[in-house]
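Notes to accompany the following structure.
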Amino acid sequence: MLRFVPARSLGRLLAVTLPLYFAWEMLQAPFFTGMPAHWVAATAICALATLGDGVLVALVATAGAVLYRNGRWFVPPSPSPYAVVVAIGLVLQIAVEWVMVHGLDRWGYAPSQPVLPVVRVGILPVLQPIVLLPTVFWFTAKWEGA
């Protein structure tokens, strides 16, 4: 039977995800080209990117629910399932980043951002799911278990 993340759990996951991903987007903004010069417009771009990140996190959570046949697969926190969904998130992130940079030319990388040679995407977008996905699932699991 196909499983989905329960609405309450998904709401909690997004409540944890959006502020953390917004902070990440704001901190990494100087490492990208194509950002508006005015801080209000740049903040709006980061907020929009954060919403896209929220969609990706919801997709990763759903992939975990399908894989583990449990909509609350991240409760209690456990390294093995987290590692699998981080791998899924990493593949999704690299694919989206590659399309946005090389396919659609939506943004580029400042000289200060190292680029991974094989996939030709910046290191910060690659680090994002590695750092943030376990963090958001851990915090959400703690909230769910409370």
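Bear in mind these aren't lab numbers, they're just calculated from the coordinates by the rules spelled out. Values in this document were obtained by computation on a predicted structure and should not be read as measured data. Note that we place each Cβ from the backbone using ideal geometry, even for glycine, and neighbour counts take in every protein chain shown.
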Legend entry - Cα lying deepest toward the dipole's positive end in the chain, options Trp39, Trp138, Val66, charges on Cβ: Val66
Inset, instruction - Please work out the C-alpha center-to-center distance from region 66-97 to region 28-45 and express it in whole Å. - result: 29
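With a Förster radius of 25 Å, plug the Cβ-Cβ distance of Ile130 and Trp39 into 1/(1 + (r/R0)^6) and report the FRET value to the nearest 0.05. Mind dumping the intermediate values first?
Values: r = 28 Å, r/R0 = 1.13.
Efficiency, rounded to the nearest 0.05: 0.30.
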Legend entry - Per residue, the convex hull volume that the Cα atoms of the chain enclose (Å³): 114
Inset, instruction - At 7 Å along the Cα-to-beta-carbon direction for both Ala110 and Leu27, put a label point, then send me their distance in nm to one decimal. - result: 1.5
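Trp107: net charge of surrounding residues, Cβ under 15 Å, Lys/Arg +1, Asp/Glu -1, itself excluded? Walk me through the numbers on the way to the answer.
Details: positive: Arg106, Arg120; negative: Glu25, Asp53, Glu97, Asp105.
Neighbourhood net charge equals -2.
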